[in-house]
Amino acid sequence: MKLKDPLVKKVNLKRITGIAIALLPIALLATNSQAATPQTVNVVGYSIVAKAYTSLETAFSHTAAGQGVTFTNSFGASTTQAQDVVAGQPADVVNFSLNPDLALLINAGLVSKKWASVKAVKAQKGIVTDSVVAIVVRPGNPLGIHSWNDLLNSGVKIVTPDPISSGSARWNLLAAYESQIDQGSNATAANTYINALIKNVISEPSSGSKALSAFIAGTGNVLLAYESDALNAFASGQKIQIVQTPQNLLIENPAAITTTGSSNPAAVAFYDFIFSKAGQQIWLQQHFRPTIKSLQAVSKTTFYTPITLNTITALGGWAKVTPKFFSPTGLITQAESANGYTS
């Protein structure tokens, strides 16, 4: 049996006379001043964005709003991170792989139901970055992988994350399934395809970043990954090759400010920053597709354009996609179980 990878008082001084204020201890005044504006922002996100946030936080610290602000960061498998926040992990700004993970916080009352209509992010509908799914192979593409169909070839050994804990895994497998529909297959044939693909999966690490690390270390000969993660790895000198598939799925990554973060001025300013043009330019440098319209034209010269690019909206939204594919009786859940993957 194949087993999955296991897995930190404001004293409202009454208006008193200047003489009385002068008599207050200097240390007390300093304490009150510091407490008036929280300067720590707790960021929680899915594993792939860790490096990007290092750059975003550094750039923000050089703005007027970022002066004196410090950050705590926690990055890991998207669903696991969301569950940890629900369980009590401090979070002011959250950035997950997909909307269903954010919904866990909304249902727990930790994020407003109107999170995507905040003025600073309304135009982007709360989606801070886009990407697509990348098929990653060894240099020279020794197995001749050029399409989703080639993943069923003899000798293919696939690494893709665990869909229980990882948003990346759900994007990957959903893109694979829909590639068959886009090519004219019916649902029965697409279901047969996804079962055959999962039979070729030899490793399911808990997150997208761990899947990439496993592949680079020598596991398997094909990796399903975020385009952004694959491009960053290639840019850093890793010996990989990226296949540009004719069919793909637009990955949309949500970011939200939590109920605690909304009362933290530093968190609100940082949240606005990651959606701003300056922030989006940093995302672009980290090989994410920007969601701000003024930069999307620029990104078209940076990223390839699939012949067919599906969207979650076109597939009926997550309210339809999740039960169909990822519920206990979902097509992909059943295929995973049939091929020996257990939680």
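The values are calculated or read from the model by the stated rules, or taken from the named source; none is laboratory data. These numbers come from a predicted model, not from an experiment. Note that each Cβ is placed from the backbone with ideal geometry, even for glycine, and that neighbours are counted across all protein chains shown.
What to note about this one:
- Of the residues making up segment 41-62, those that are of a type in the set (Gly, Ala, Ser) and part of a helix (DSSP H, G or I) are Ser47, Ala50, Ala52, Ser55, Ala59, Ser61.
- Residue pairs meeting the criteria (Cβ under 9 Å; at least 6 apart or on separate chains; first part of a helix (DSSP H, G or I), in segment 288-303; second among the acidic types (Asp, Glu)): Gln296/Asp130; Ser299/Asp130
- Lone qualifier among Ser299, Ser294 - being loosely packed, with under 15 Cβ neighbours inside 10 Å, at pLDDT below 95 and under 22 Å from Ser55 (Cα atoms): Ser294
- Which listed residue, of Ala278, Ala175, Ala190, is on the phi < 0 side of the Ramachandran plot and in the same structural domain as Ala120 (by TED's automatic domain parsing): Ala278
- In summary, Val268 fulfils each of the numbered conditions (1) in the same structural domain as Asp92 (by TED's automatic domain parsing); (2) of a type in the set (Val, Ile, Thr); (3) touching a Phe, Trp or Tyr at 6+ places or on another chain (Cβ under 8 Å) with the single exception of condition (3).
- Output for segment 171-194, where each listed residue is within 24 Å of Asn221 (Cβ to Cβ) and surrounded by fewer than 16 Cβ atoms within 10 Å (Cβ to Cβ): Thr192
- Considering segment 100-115, and only residues there that are among the aliphatic types (A, V, I, L, M) and surrounded by fewer than 17 Cβ atoms within 10 Å (Cβ to Cβ), the residue that is farthest from Thr322 (Cα to Cα) turns out to be Ala108.
- Any hit, segment 95-117, residues being more than 22 Å from Phe303 (Cα to Cα), in the same structural domain as Gln286 (by TED's automatic domain parsing) and among the basic types (Lys, Arg): yes
- Those strands (runs of 3 or more DSSP E) lying entirely in segment 85-143 with at least 2 residues more than 30 Å from Lys239 (Cα to Cα): 93-95
- Candidates are the residues of segment 192-203 that are polar (S, T, N, Q) and under 26 Å from the mean Cα position of the chain (by Cα); the one that is farthest from Lys157 (Cα to Cα) is Asn195.
- Total residues in segment 222-240 satisfying the condition of being aromatic (Phe, Trp, Tyr) and surrounded by fewer than 23 Cβ atoms within 10 Å (Cβ to Cβ): the figure is 1.
- Among the numbered conditions (1) of a type in the set (A, V, I, L, M, F, W, C); (2) buried (at least 24 other Cβ atoms within 10 Å of the Cβ); (3) in contact with a Gly (Cβ under 9 Å, 6 or more places away or on another chain); (4) part of a helix (DSSP H, G or I), the only one that Ala214 does not meet is (2).
- Here Asp5 passes the criteria (1) modelled with pLDDT of 50 or more; (2) surrounded by 17 or more Cβ atoms within 10 Å (Cβ to Cβ); (3) more than 17 Å from the chain's Cα centre (by Cα) except the one numbered (1).
- Enumeration of residues in segment 83-124 that are in contact with a strand residue (DSSP E or B) (Cβ under 6 Å, 6 or more places away or on another chain) and among the charged types (D, E, K, R): Asp92
- Listed by first and then second residue, the pairs linking a residue in segment 34-49 that is at positive phi to a residue that is assigned to a helix (DSSP H, G or I) and at pLDDT below 95, with Cβ atoms under 6 Å apart and 6 or more places separating them unless they lie on different chains, form an empty list.
Conditions (1) assigned to a loop (DSSP other than H, G, I, E, B); (2) touching a helix residue (DSSP H, G or I) at 6+ places or on another chain (Cβ under 8 Å); (3) not hydrophobic (A, V, I, L, M, F, W, C), marked per residue:
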| residue | (1), (2), (3) |
| --- | --- |
| Leu151 | no, yes, no |
| Val156 | yes, yes, no |
| Arg170 | no, yes, yes |
| Pro205 | yes, yes, yes |
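- A search for C-beta distances below 6 Å between a residue of segment 316-343 that is on the phi > 0 side of the Ramachandran plot and any residue that is surrounded by fewer than 19 Cβ atoms within 10 Å (Cβ to Cβ), counting only pairs 6+ apart in sequence or on different chains, returns Gly340/Met1; Gly340/Lys2.
- Considered as a group, the residues in segment 241-278 that are assigned to a loop (DSSP other than H, G, I, E, B) and surrounded by fewer than 18 Cβ atoms within 10 Å (Cβ to Cβ) include one that is farthest from the chain's Cα centre (by Cα), and that residue is Pro246.
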